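Asks: Take this structure first; my questions come after.
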């Protein structure tokens, strides 16, 4: 728990290199050697073959059986970390239908980025694709590849990625964040009044954070508030949150199995997955139908049309394509906002000195912003650093996948074009080869690395990848970042956070990284 000033340049760029990475490999870990077409510069001469890459076991089905038997899917992030520790900074994994090369060093990820091509291809989540095909739904950009992906993505970028588009939605996110804090204040005051005690309340904030994420996402995407901060939230919304959680929980094991075959057999795992997606589509269709009606009647004049309204008005995407993309955005928006917020509240609560420093900067920035939430965020870099630090320690998705369009050399091994290569974020974020004091929660480290990079040290490049990289990074990234920052800003302005235990949280993996048990946080009104 340190916000120490930046160290000297020489110390800042120096990485600790374990014995297995000494010599030529140590040079690679520091980004000294080149990949791609400059492989001849690699120390040692010969570029080793793909088959020489260390692996966790050659029998893909035996490996998959071991994963099932030992419950490793829930701890895949830990398995990856352990595999890097034992095999080095690159290894191969064979699991059922999937084979991949796994990497974790920023210099190798940079090489992968240079070989991703004009239309970067990521691993298709076959269970999701099979559901769309069986139900006759169009696929959104998350499931598309090639020129079709690029055409849709460029249109979506204008509405959800460009700064002007996101800035337009910041006041609406800010409104929801303020309402969340008013709700929490009311509950804390009610607790204090009932017990005639201090103005504090200890609770598991997870349900409230999911409600915030769904409320904010509906407002941004559909242009309507759905009233989740009332004492009686709708059954429809509760079903949606349940469906997203069930969909995520069933995706990971289905990735390694033949989803079309399981669908034909009516396997229980597939049925649960498909039913969850059906609920998600039903929720989206109901919201979109209301959005169509409002736009047709011009009933929303003076209100935000939301992303849905903007896309409909421009008419560059078909209604089916809009539905597919809006549904994917909604399904991804709730958990990928609510879960990092759980981790953020926990880390701020168990690091009170950091919490106070971030709060002070936020308070000063809000005071200078004259009611403009966008300016308030711009003036609080430690708030952005807090989000990046949370996503370093607890990345929502633990890998970023690409299929390089040309052969490349990583760690002196040849990787053929078309190979699935995964950048493994959880091990990278906790590696002493990549970050100084990696287990320390230190939001200021990102400002230091930015200064190092400005001075020519390269600090920070390809180390903050929770939303991916390049043109295929998460399409909802800017919205998610602003939602998380705005809620943290208002929570810090209104509450002091604490926890009874400072022990690390156990984590589990569904399709995303989550706390094994949601932390209980004490909110005390300032």
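Asks: Considering every residue within the stretch 474-490, establish whether at least one is surrounded by fewer than 18 Cβ atoms within 10 Å (Cβ to Cβ) and closer than 30 Å to residue 179 by Cα. Steps first, answer last, please.
Replies: Step one: filter the stretch 474-490 for residues surrounded by fewer than 18 Cβ atoms within 10 Å (Cβ to Cβ), giving 477.
Then keep just the ones that are closer than 30 Å to residue 179 by Cα; that gives 477.
So far as the stretch 474-490 goes, yes, one or more of its residues are surrounded by fewer than 18 Cβ atoms within 10 Å (Cβ to Cβ) and closer than 30 Å to residue 179 by Cα.
Asks: Restricting the search to the stretch 382-401, which residues are under 21 Å from residue 175 (Cα atoms) and either touching a strand residue (DSSP E or B) at 6+ places or on another chain (Cβ under 7 Å) or surrounded by fewer than 20 Cβ atoms within 10 Å (Cβ to Cβ) (or both)? It would help to see each step written out before you state the result.
Replies: The first filter runs over the stretch 382-401 and keeps only residues under 21 Å from residue 175 (Cα atoms), leaving 383-384, 387.
The one that is under 21 Å from residue 175 (Cα atoms) and either touching a strand residue (DSSP E or B) at 6+ places or on another chain (Cβ under 7 Å) or surrounded by fewer than 20 Cβ atoms within 10 Å (Cβ to Cβ) (or both): 384.
Asks: Before we move on, is residue 418 free of Cβ contacts under 8 Å to residues at least 40 places away in the same chain, surrounded by fewer than 19 Cβ atoms within 10 Å (Cβ to Cβ) and more than 22 Å from residue 173 (Cα to Cα)? Steps first, please.
Replies: Values: free of Cβ contacts under 8 Å to residues at least 40 places away in the same chain: yes; surrounded by fewer than 19 Cβ atoms within 10 Å (Cβ to Cβ): yes; more than 22 Å from residue 173 (Cα to Cα): yes.
The answer is yes for residue 418.
Asks: With the requirement that a residue be more than 19 Å from residue 250 (Cα to Cα) and touching a strand residue (DSSP E or B) at 6+ places or on another chain (Cβ under 8 Å), what does the stretch 122-145 give you?
Replies: Residue satisfying the conditions is 122 alone.
Asks: Right, residue 512: touching a helix residue (DSSP H, G or I) at 6+ places or on another chain (Cβ under 8 Å) and farther than 23 Å from residue 178 by Cβ or not? Before you say what the answer is, go through the steps one by one.
Replies: Numbers: touching a helix residue (DSSP H, G or I) at 6+ places or on another chain (Cβ under 8 Å): yes; farther than 23 Å from residue 178 by Cβ: yes.
Against the criterion (touching a helix residue (DSSP H, G or I) at 6+ places or on another chain (Cβ under 8 Å) and farther than 23 Å from residue 178 by Cβ), residue 512 qualifies.
Asks: Go through (1) closer than 15 Å to residue 342 by Cα; (2) part of a loop (DSSP other than H, G, I, E, B) for residue 489 and report which single condition fails.
Replies: Of everything listed in (1) closer than 15 Å to residue 342 by Cα; (2) part of a loop (DSSP other than H, G, I, E, B), residue 489 misses just condition (2).
Asks: Out of (1) crowded, with 18+ Cβ neighbours inside 10 Å; (2) more than 30 Å from residue 156 (Cβ to Cβ); (3) in contact with a helix residue (DSSP H, G or I) (Cβ under 6 Å, 6 or more places away or on another chain), what's the single condition that is false for residue 184?
Replies: For residue 184, the failing item is (3).
Asks: For the stretch 216-245, which positions are within 18 Å of the chain's Cα centre (by Cα) and under 14 Å from residue 277 (Cα atoms)?
Replies: Step one: list which residues in the stretch 216-245 are within 18 Å of the chain's Cα centre (by Cα), which gives 216-217, 241, 244-245.
Correct list: 241, 244, 245.
Asks: Turning to a different aspect of this structure: For the stretch 456-471, check the following and say yes or no: at least one residue is without any contact (Cβ under 8 Å) to a residue 60 or more places away in the chain, over 29 Å from residue 255 (Cβ atoms) and assigned to a loop (DSSP other than H, G, I, E, B).
Replies: Within the stretch 456-471, one or more residues are without any contact (Cβ under 8 Å) to a residue 60 or more places away in the chain, over 29 Å from residue 255 (Cβ atoms) and assigned to a loop (DSSP other than H, G, I, E, B).
Asks: I need the full set of residues from the stretch 154-170 which are surrounded by fewer than 20 Cβ atoms within 10 Å (Cβ to Cβ) and under 20 Å from the mean Cα position of the chain (by Cα), in order please. Break it down into steps so the answer makes sense when it comes.
Replies: Quick first cut of the stretch 154-170, residues surrounded by fewer than 20 Cβ atoms within 10 Å (Cβ to Cβ) only: 154-155, 157-158, 161-168.
Result: 157, 161, 162, 163, 166.
Asks: Looking at (1) modelled with pLDDT of 95 or more; (2) at positive phi, find the lone condition where residue 174 falls short.
Replies: (2)
Asks: Tell me, please, whether a residue that is part of a helix (DSSP H, G or I), within 25 Å of residue 72 (Cβ to Cβ) and without any contact (Cβ under 8 Å) to a residue 12 or more places away in the chain can be found in the stretch 271-278.
Replies: Checking the stretch 271-278: at least one residue is part of a helix (DSSP H, G or I), within 25 Å of residue 72 (Cβ to Cβ) and without any contact (Cβ under 8 Å) to a residue 12 or more places away in the chain.
Asks: Of the conditions (1) in contact with a helix residue (DSSP H, G or I) (Cβ under 8 Å, 6 or more places away or on another chain); (2) within 20 Å of residue 104 (Cβ to Cβ); (3) modelled with pLDDT of 95 or more, residue 486 fails just one. Which one is it?
Replies: (2)
Asks: Oh, and also: Let me confirm something: among 372, 442, which residue is buried (at least 21 other Cβ atoms within 10 Å of the Cβ), over 15 Å from the mean Cα position of the chain (by Cα) and within 28 Å of residue 482 (Cβ to Cβ)?
Replies: Working: 372 fails: buried (at least 21 other Cβ atoms within 10 Å of the Cβ).
442 is the lone residue from the list that is buried (at least 21 other Cβ atoms within 10 Å of the Cβ), over 15 Å from the mean Cα position of the chain (by Cα) and within 28 Å of residue 482 (Cβ to Cβ).
The values are calculated or read from the model by the stated rules, or taken from the named source; none is laboratory data. All values derive from a computational prediction rather than experimental measurement. Cβ coordinates were reconstructed from backbone atoms using ideal geometry, including for glycine residues, and neighbour counts include every protein chain displayed.
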